[in-house]
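What follows is a set of notes on a single structure, which appears directly below.
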């Protein structure tokens, strides 16, 4: 009988199952713990999955009873009730996953002078009577004028809150306003003294990092990291662009999935601190150019074809409602400027966060992900020039560092191999959560490569040497390395490394190294003249820098020059949320950037081929 391939996103696990295997069993065999409060007997309705592509057995009576009509129309099914009839692509909702994936959402914090874009004004107004019939709005305008404020303007959703709040709080009220040119814009009306909050988010291709921030103190009140729901429609942005281009409905669906996930996270974070989403009066959201366009529902077809130009590159300030976010009625969302088609506002935020390093140093900033953005900041030249030049490029490093396109690859979840050492011909592994291995995450696969090269199991071309311990013939009589035998895994199958896996890592690290070399050439300096190497991003946090150097991903430089700063994009987003000066600085940084398109550089092909070597 033919087996069916079940692809479970955004977890990034794939497994082949026999016909007659339900999706709950498939998940368990793949090491994906779906919530199943009833143990899979079909009475709780908690093991929800969404069918994206493929065919399942017909909807059961149990599903008709436990799922709403809207859920069924969206393709939602119960994993314990549905069996594959073909290869499948599934989207696993957050609520169906009890074990949180390992996510780095924090970064090296940088203090800023508190100067948010919104202002809270507490007023106490005279109560109307038959001798004073001024409207509520007129009373507010006159009270503000007496305090020296300019005219206040409002939109209907925020205006609608004014009269109820005044009467509920004895004619005391807190107005949250946003100064705009020669007037104030009303954001919302709150009870007097109620804290105001802001939202900062790094909208990655794979993960969303979300921060709830106190705008009075600058403190981060709560934070969360969740998988980007769009992964079910394409593991990388190129695939999602192709999906969006098939129809207007698809493009809007990608925006809707983001909005749904953000709103759920917002509700969870507010509940955690005893707040409500209506207290969130400002937001800064950063992402690569494609994610920026998906979030705003801008056209993306031009991003999928040369010369890959954005629809909009300038900074945007949009109403939260226009991007489907449930915040205060008049809340705005700031999206910083994109640098190029594949270098977005998230890298702008990274550059802002990197300003904490000495301004007279040469810095290289590498934000590693499915698409890796690199900038070289020429600080040493600042003494001869008014400003340091910044050279930026984008590298198509692919999703291998997220565990995708790797035979036993997975994202950083419990049971993923994250550390590897080969001693006396045998592999020693450490997994996330110290659970039996079920796959290999990005940091693990990079360490495997370095260890295999050091042990002489893999040669400089990336070829497995069949005469070495641990190497055997696998499917199609092709060489593979046995990392964890079936008897020691969590799913009863061998975890192996194949020649194709090695090739995927070669392509990914080769793209990054070639990008680095092009920027150094353009600036006319050597790697020795770089004072600090700033490694940002979730993958960069867990990266073994020595291993990355051993396989040629980075030049051999003293490790003390390397700084793993975590989620620099998230830090930059928080800076822009808390400081209007930081927003102005981010705009100034963009004006200094010279974008380098790698594919048109005459040296790129030779540098890329050389960077594929495992040395």
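Nothing in this text is a laboratory measurement; each read-out follows from the coordinates by a stated rule. Bear in mind the structure is a predicted one, so any value in this text is a computation, not a measurement. Glycine gets a Cβ as well: all are built from the backbone with ideal geometry, and neighbour counts include every protein chain shown.
Miscellaneous remarks
- Mean-position separation - Cα centroids, segment 434-501 and segment 290-329, in angstrom: 41 Å
- With neighbours defined as other Cβ atoms within 10 Å of a residue's Cβ, the residues 494, 606, 282 order from fewest to most as 606, 494, 282.
- Between residue 64 and residue 156, the C-beta separation translates, for a Förster distance of 60 Å, into a calculated FRET efficiency of about 0.90.
- Fewest neighbouring Cβ atoms within 10 Å first, the residues 131, 247 line up as 131, 247.
- Centre separation in Å (Cα based) which lies between segment 343-370 and segment 180-223: 23 Å
- Principal-axis analysis of the Cα atoms of the chain puts helix 568-578 at an angle of about 0° to the longest axis.
- Between 0 and 90°, nearest 10: helix 499-523 axis offset from the chain longest Cα axis: 60 degrees
- Mean projection area, nm², convex hull over Cα of segment 119-190: 4.6 nm²
- Short-range pairs are left out: with C-alpha atoms under 8 Å and at least six residues apart, the relative contact order of the chain is 14 percent.
- Rounded to 10°, Cα long-axis angle of helix 442-454 versus longest principal axis of the chain: 30 degrees
- Point-to-point label distance, residue 180-residue 531, nm (Cα→Cβ direction, 7 Å offset): 4.2 nm
- Inter-label distance, nm, simple model (7 Å from Cα along the C-beta direction), residue 272/residue 121: 3.4 nm
- Shape call, segment 4-96: gyration tensor on alpha carbons, a/c limit 1.5: rounded
- Global form of segment 562-615, assessed from the alpha-carbon gyration tensor, a/c cut-off 1.5: oblate
- Estimated [θ] at 222 nm from DSSP helical runs (n ≥ 4, -39500 (n - 2.57)) normalised by residues in the chain, nearest 500: -8000 deg cm²/dmol
- Taking other C-beta atoms within 10 angstrom as a stand-in for reagent exposure, 533, 171, 137 fall in the order 137, 171, 533, fewest first.
- Three-way shape call for segment 293-345 based on the alpha-carbon gyration tensor, with the a/c threshold at 1.5: prolate
- Our summary gives segment 529-615 a relative contact order of 35 percent, counting only alpha carbon pairs under 8 angstrom and 6 or more residues apart.
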